[in-house]
Structures are given as C-alpha cells and as structure tokens.
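What follows is calculated from the coordinates using simple rules that are stated; it is not laboratory data. These numbers come from a predicted model, not from an experiment. Please note: Cβ atoms are built from the backbone with ideal geometry, for glycine as well, and neighbour counts cover all protein chains shown.
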6 protein chains.
Amino acid sequence: MRKQRSVKDSYVRMTELVLPNDTNTLNNLMGGKMMHWMDIVSAIAAQKHSNRIVVTASVDNVSFKESIKLGNVITLEAQVTRAFSSSMEVHINVWSEDIPSGTKVKSNEAFFTFVAVDQSGNPIDVPEAIPESEEEIKLYEGALRRRQLRLILAGRMKPHDANELKSIFDLDN
Amino acid sequence: MRKQRSVKDSYVRMTELVLPNDTNTLNNLMGGKMMHWMDIVSAIAAQKHSNRIVVTASVDNVSFKESIKLGNVITLEAQVTRAFSSSMEVHINVWSEDIPSGTKVKSNEAFFTFVAVDQSGNPIDVPEAIPESEEEIKLYEGALRRRQLRLILAGRMKPHDANELKSIFDLDN
Amino acid sequence: MRKQRSVKDSYVRMTELVLPNDTNTLNNLMGGKMMHWMDIVSAIAAQKHSNRIVVTASVDNVSFKESIKLGNVITLEAQVTRAFSSSMEVHINVWSEDIPSGTKVKSNEAFFTFVAVDQSGNPIDVPEAIPESEEEIKLYEGALRRRQLRLILAGRMKPHDANELKSIFDLDN
Amino acid sequence: MRKQRSVKDSYVRMTELVLPNDTNTLNNLMGGKMMHWMDIVSAIAAQKHSNRIVVTASVDNVSFKESIKLGNVITLEAQVTRAFSSSMEVHINVWSEDIPSGTKVKSNEAFFTFVAVDQSGNPIDVPEAIPESEEEIKLYEGALRRRQLRLILAGRMKPHDANELKSIFDLDN
Amino acid sequence: MRKQRSVKDSYVRMTELVLPNDTNTLNNLMGGKMMHWMDIVSAIAAQKHSNRIVVTASVDNVSFKESIKLGNVITLEAQVTRAFSSSMEVHINVWSEDIPSGTKVKSNEAFFTFVAVDQSGNPIDVPEAIPESEEEIKLYEGALRRRQLRLILAGRMKPHDANELKSIFDLDN
Amino acid sequence: MRKQRSVKDSYVRMTELVLPNDTNTLNNLMGGKMMHWMDIVSAIAAQKHSNRIVVTASVDNVSFKESIKLGNVITLEAQVTRAFSSSMEVHINVWSEDIPSGTKVKSNEAFFTFVAVDQSGNPIDVPEAIPESEEEIKLYEGALRRRQLRLILAGRMKPHDANELKSIFDLDN
C-alpha cells in the first residue's frame, strides 16, 4: 500500500528582505524575483513531503495586486495540497510587511506543481498527501479541478473531458 | 486618437548561460530562475512598447517539460501581443541549447501581463498594439480569451460572463 | 510609561537552500554565509519588536559544530530576548535538514544585538520586551550576563564590575 | 617534529566596495555582509598557513561601532595568531574609507577560528605558528585565554578550569 | 579538409537591465560589469561557432564613451569574425537604451578572442569561419591586423614582423 | 600649481576566492569575472589618488595565459602609473594561488584608464602622479606611449602623429 503523510508535515515558512537589486527604478519588487522565491519555498515543501529531489513541473496563474517596496519583509508559506503518483501540488501564500508603519498585507497566492525524481532524474512515486483541517480538505478537493485546467492549458487534455473543471463554468446548466 | 504601434517593435531577445547557482543538486535549472528571466525579458518588451516603467500584473500558467542542464545556453524571445488601456500581454518563447551536442529544443512558452505606470506608480495608457504577421494576429486574437481566464482565476469575472473563453470549453455544444 | 511588547511577537522563521556559491570546494556551507543569514533573520526580529530600522551592534561567540552540505535546507528561527533602552538582544536557533535522508540536526545557536535608529541614524528607544514562557524567561534573565560579557570584551566595562557575570566564574566561591 | 611557519606568511589583505545590495534602507552596510567578508579573508589566511581546505569552527564576539556607508572602500587584514593541532585562530582588522572626504577609520576587529581538513573532511594537523614582532607575540599569548573563553561559552570547559582566563577577571586577587 | 561555417551562424543577441548593484554611487554602470556581459555574449558566439567549451584568450582595447544609467536596457550583439586553428575572434557591439525617453545609443564596440578546448582543457581545432556580407568581409580581413597587434602587445611577436599591422602606421611611406 | 601625490599612495591589494558561479563547466574562472575584479581594484586605486568618484574610460589589451581553477585564491594589485589632467592610468598585476599545492603564478597584467568626475558627472582635474621607484618611473614613462596607442585605436589620433609610439615599431629605422 502507498505510504501516507499528513499535508501539514510539508509546511515551510520563508522570510525575505527586499533588497535594491530586487527592485525596479520605482523601488518596487520585480515580479520575477517573487516567482523565484515562490519556487524555492514550494520546492522545499514538496521535498519535505517526498524526501526526494523535485523539479518544477508547472506554475499556475499568479496575479500581482499589491506593489511591494524596497525594505519590506516578505513572508512566504508553502504546503503540499495533494499528491498524484509522482507529482505534488503546493499552495503558497505571500505576505508583505512594512516594518516602520507596522502594516502587513497578503500580496499573492499561487499553486506550483513539482515532480519527484530519483538520482537519474526519472519520476518516482511519492506518499499520498492526507489533508486534515477544513482548509486543507478544501485545497485537496480543488486540486483535481486545477489539475484539469493545467492539462488543458498544456494541450494534454481535451476541454470536454475535464469533468471536474466543468463545474466552475456551469457547463451543464 | 490613441497612438498605435506595431507589435514587432517590442521584440526582445535575451541570451543567458545556466550557471551553478541557477541549478539544483542534479545540475538542472531551477524553475524559479527561469521565471525570473522570463519576467525580465517580457518587462523589457512591455517597456519598449509603452516607453514607460512597467510592473508585472500577472503570469499565466507555465509548464516545464524539458529539464535544462548546467552550461546550457538559454534564448528567450518576447513580444507584446495586445494592449488594453494601461496593460499589455507579452508572449515569451524559450529555447535551450546544448552547445557540445548542437541540440536546441523549445523548452517553454508563457504569457506575462504588465501595467504601465507613471513616476508616481499610477497606471497610464499605452499605445494600441498592431499585429501584422499571421502569427501575430493569432496571438492578438487569443489575448481576449486568455484575459478572461485570468480575470476568472483572479475572481474578478464570473465564468458565465466569459464569452470568449466559452469557445474553448465548447460550452454551447 | 515605556511601551511593552511580548517577545513572541518578534518571532521570525526563515528557510534557505544551500546553493553552490555558498559552499567551499568540499561542498560544505561557508561559515560567513551562515552569519549573513543569521544577521538578516535576527535584524527582522528586532525590526518587528521595535517597528524601526535597526543596525547590528554586536555578534556573540558562534561555534560551528556540524558541517552543512550543498542542497541542505536551513531553517533559522529568531526572537528578541530582552530590550535595553535602544538596543535589543536576539536569540537565533539554526537547523540543517538533509531532505533525501530525512535527518534534521540543530547546527547553531547565536545571540546578535541590534540598535534601533531613526531616519537620521540616531538611536531611539524601543518597547520593553516581555517574556512569557519558561524558556523565554530564562533567555531574558541570561541577557544581563551576556551583556556584561559583551561590554568587557569590547573594553567598555571592567571585569570586576560585572556582577552578573561573576556567577558563571564562581568568583566569590 | 612538527613543521613551523612564521605567522606573517599567512597575512592577507582584501579590499571591497560597499554596493547597494550590501546596505539597509539607510544606506548603511549590513553587519551580516561584513561577517561574510571577514570569514572569507580569515579562511584564506588559515589556508595559507596550513595549505589545506579549512572550515570555520567559531567566531568570537564582534562589535560594530561605526556605521559604514554605501560607496565606502573596506580594507580587511587577516593573519593567523596561533595554531593548536588542527585548528588556527585568525585575527582580523577592518578599516572603512570614505574616498571623497579622505577619512579612514578602523571599524572592526575580530577573531575567527578554523579547522584544517583533508579531502574527506577529517581534521588534520597544521604547522606550528611562530610569532615574531611584538604585536604578533602579544596576539599569540592572548590566544590561549580566548580559546578558554570559547570552550566555556560552547559548554566544553568548566569556568574554574580556565586558568588563563582567570587573570582577566582578577580571580585570585 | 577543415570544416567550414558561416560567421553569421554564430550571431548572439543578449539583453540586460542595469540594476542597482551594477552601478557606482552616481548611478552609472561600472565598466567591469559591462566587460563581464561582453565576455558572456562573445563566449556564447564562439561556442556556437565551434560547438566546444571555450576559454577567453584575450580582450582588445575597449573604450567607454557614454555613461550608462541605472534602469537602462543594454543590448549586446556578438559574432565570430574569423577563426585561426583553435582560436576565434569575436566582434561585439553594445547599445544602451533609455526607455522613458526612447533614446538608444551605441555605447561600445570590442573584440574578444577565445580558444576552443576539449574536455581535458587542451586546445582543439575549430571550423573555418566564412564571411558573407560586406561588413563581415571587412571584419574578417581586419582580424589579421588585430591579431598581430595582440601578439606584439603580449610580447609574442616583434613589431617589424607585423606586416599586416604596418599599413595602419604607414610604415613604408 | 597642480597638487602632487606619490603614485604609491594609490596602491590597493584585493583578494578574491574563485566560487562556482565564477567558473565555466570545466571549473575554470571565466575571463569576464576577472575583468570585473580588475575594474573594481583599479577604480579604487584611481579613487585613492584623486579622492573623487571615477568612471572607467578604457581597458587596454588583456591576455589570459593561465587557466585559473575553482577554489583558487586570486590576488590583484593596482597602482596609478600616471595622471593626465582628469584621467589616470592604473597598472594591475594578478596572481593566482592554488592553496593545497602551494603554487602561485602571475596570471595577468593590465592597464585600465579612469576619469575623475564631480557630483554632476563632469570631468575634474586630479593631482599629478609622482613615481619614485625604478619600476614606477618605467611605468610612468611608458604611459605616454600606451596613451597614444589608445587614442589611435579609438580613432582619435592619426598614427603618424604618435611620436612616442613610433619607437616600438622602429618606424625610423
């Protein structure tokens, strides 16, 4: 039987300081640097779940609503939501904190997917991911729908085969 | 009348070498570094179209199919596909080249969206983007559909209002 | 009356991945890189306690027992232990995790001291730091003794005036 | 008989420019970056003395008195003070220079300890370090006392066994 | 017979953004960073021509006429001009673009020379480089003269043996 | 009368460690990184001579004879050779040391030229540079010849006007 592991065992928190080289000429954090941090924190979560080296398989839509300033403290939290044979979906929340004013806002949310590989780089199975809290169960259930959207967008699934996804487009109504 | 500018004027090509710090312990390029490069090349394309400072507004789904090795030469090409008042969608193609073997493969394709801002960081209108070649026209037309998907995924549009998007899900069949 | 703040409000956790450029030719993390991370995580803790920009005032003895390998995941936890007018002592614990083998060891422990400054760089008072747990109270009480050792080592206090410190050397026995 | 080597053969001088990413939002050099440079310059001194790869074993108390500005030229000088079987203590002096005003101040002084290792990472004996000048002899003699303090602070020596150290606390007077 | 390859097959274009750490305290790009980029782009051109790892053999005189500002977009174009057994000369043109004002100026021009090496680091022959356009032929012909100047400056050729070079100094008039 | 300053007051020594990201896939230092270090050390020498911010004006031919390995210790020494109104020529010597084998070889020699500028970036006069030792006098005298070659190569002087330079080509014999 496949090994099981609680999703909360994969939880990782990372804190970063926005430095001059991370910003554009308006002193705002560049989106690419944020993506870079998201990739590292979520790769570590997937590594903790699988005890394997992992490679990024896909990044879901990310939107940037808040501008983040030089000197801000960035907190990134990542946790595996669900595992599918050798792949794992990781959910990431990002907060940005302006220390002098004491304000902290949620700036981003994202889903990254990783594949666990062995020393030769071949995919290898990972433990099942077991959600426990209400929030974890909700993310676990949504993972199937997000996976179908990923496969369609990568041209590897036909839209009319995406049963899970249909619900959000009210396809049968 | 709004200024017009040919999309091909925004074309940017960037070349990068995969260095040790860009790789994981299997000597494969980390996904986050690739996203970082994609953000820089596409931000430059959006800057060239608008002659403005730009900020990343969103990143569409990106999938990573090929593993890219230490020492590979990465070529990124970016071009604006369409402009919407202050925002611009940019299309990015990425190739990875292994010099000793002379093999070159297309490794990624992505869409990033940017907003042009003035010196105070407020959104400001950009020129209309005029497609010319067949490929450019196809990307221009698809931009509306991708934009609706972005708005739905960001929770800012209801799926049943996404007329353009419905077509890919064969909603009316 | 001076403002008070619970020490646990300053808690920060930071996670880092050991990359090639952080290591020596045996693939071990260099001590200076670890000190750099310790400084960042503890500066953020001091900033959270004081809502001020902070500058490093001193670093206490740090010893490196474990060698840390390329690819390891480093977790640093920092929390203010005590505040003295404009300065704050921060306690840092560091763990190193080897993902494939699933082993995690405590690799370092350190005390950094920071001074809060205003926009002109002049020292400015910070809230009192209130310990609550048994561990926090123990660290709070030890802070006085460590401070005397720091002042002696910096040549700013005569050893025989260090009443708190005398106890560890059993000076009166 | 153990090989001998003059301490001055290990002398290293390093010069660095304070760049934007090395500074906080007040444009002052961050303490962690300074520790990083100190580690590199002193590791090179220990390598020159031992002709071996070395690993950082401990860092003694460092205090930061002067704030160092963006654009300053930093000069670090390191020299082995004494060797103990496989370990070496290195003394570091740091100066900060503001070029336009032509002012140069001593900003830091520190002691780092390194262990020489063979290709498998095991400790290996190093040559004896022979002091010559008055200053070198003074540093050589103080090394024993600093070593006892290090062992006590690391919990590896009982304070009442620290005969050398007792003198600075006037324990027998 | 020696393999032949069109010089234009080695063409590489690289785009870089001037970031804070690349600039001095007047916010101008430092010359050393520009040389670093020139080396990378021209090494890639030489790698493309030879399908080999290459090492920098020499850099010809480079002059810096324009000051380049923080935030500017730098475009570097490199192409092999001529090959000599295992070495290749590469010509580099650099443009600097100020996006908000829409101005683009040619800022530098340079010649770097590389040697192709095998896996043990020994020089190995490369294909002949065939120029086609008028500009390429001119660069191809000048390569001999520049090579003699390089050999003289490196003390490996006597000035009176430099037949090609003599022409620019009107030696026989 | 113009201020005078001994050339030896501008002497700077810098030490660097070759890290993974500085090397190509054969673990050899990339030439561009070396040029970057040369630019920093020589800019500091020119700053010390002039007490001004300086900008790189030109780099003379540099040849790379020795391959430098990962982990090597690089020592760069720079000193102003001669000043011309607002510009200064700096001579740089580079040594590469392999610590385990204890071998140290001279790997490069170069001349960089800098212009001193005021806060608005305009050229400003610098003190005269006074050579003292035999070696310094030889470098001082050669500076005129190297300057003519630079002007010719930059197309700003006609070869037959380069009286100083003619001697090395035995033009009148």
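Here are the numbers for the structure shown:
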item: The protein assembly as shown shape via C-alpha gyration tensor axes, a/c threshold 1.5; result: oblate
item: Shielding of A:85-95 by partner chains, average beta-carbon count, 10 Å; result: 0
item: Length-normalised contact order of chain F in % [C-alpha pairs under 8 Å, at least 6 apart]; result: 25 percent
item: Rounded tilt (10° steps) of D:134-153 against the dominant C-alpha axis of chain D; result: 80 degrees
item: Helix A:31-50 axis, angle to chain A major axis (alpha carbon atoms, nearest 10°); result: 50 degrees
item: Cα gyration tensor shape for region D:1-54, rounded if a/c is under 1.5, else prolate or oblate; result: prolate
item: Projected label distance in nm at F:LEU26 and F:ASP98, using a 7 Å step from Cα toward the beta-carbon; result: 1.4 nm
item: Share, in percent, of DSSP beta bridges within region B:4-131 that are antiparallel, nearest 5; result: 95 percent
item: Calculated [θ] (222 nm, deg cm²/dmol) that DSSP helices of n ≥ 4 give over the protein assembly as shown, each run adding -39,500 (n - 2.57); result: -8500 deg cm²/dmol
item: Point-to-point label distance, A:LYS69-A:HIS160, nm (Cα→Cβ direction, 7 Å offset); result: 5.4 nm
item: At R0 = 56 Å, FRET efficiency that the Cβ-Cβ distance of E:LYS8 and B:ARG2 yields, to 0.05; result: 0.90
item: Cβ-placed point charges (K, R +1; D, E -1), dipole of region F:4-131 about Cα centre in debye, nearest 20; result: 160 debye
item: FRET efficiency, 1/(1 + (r/R0)^6) with R0 41 Å, evaluated for A:ASP118 and C:GLU109 via beta carbons; result: 0.70
item: Cα-derived Rg to Rh of region F:80-173, Kirkwood definition; result: 1.08
item: Modelled FRET efficiency - R0 25 Å, E:GLU135 with B:SER133, Cβ distances, 0.05 increments; result: 0.40
item: For E:PHE84, label point 7 Å along C-beta direction: distances to other copies, nm; result: 2.7, 5.8, 5.8, 5.8, 6.8
item: Cα centroid separation - region D:70-85 against region B:29-58, whole Å; result: 41 Å
item: Among F:THR75, F:VAL59, F:ALA43 - extreme Cα towards positive end, dipole of region F:41-83, charges at beta-carbon; result: F:ALA43
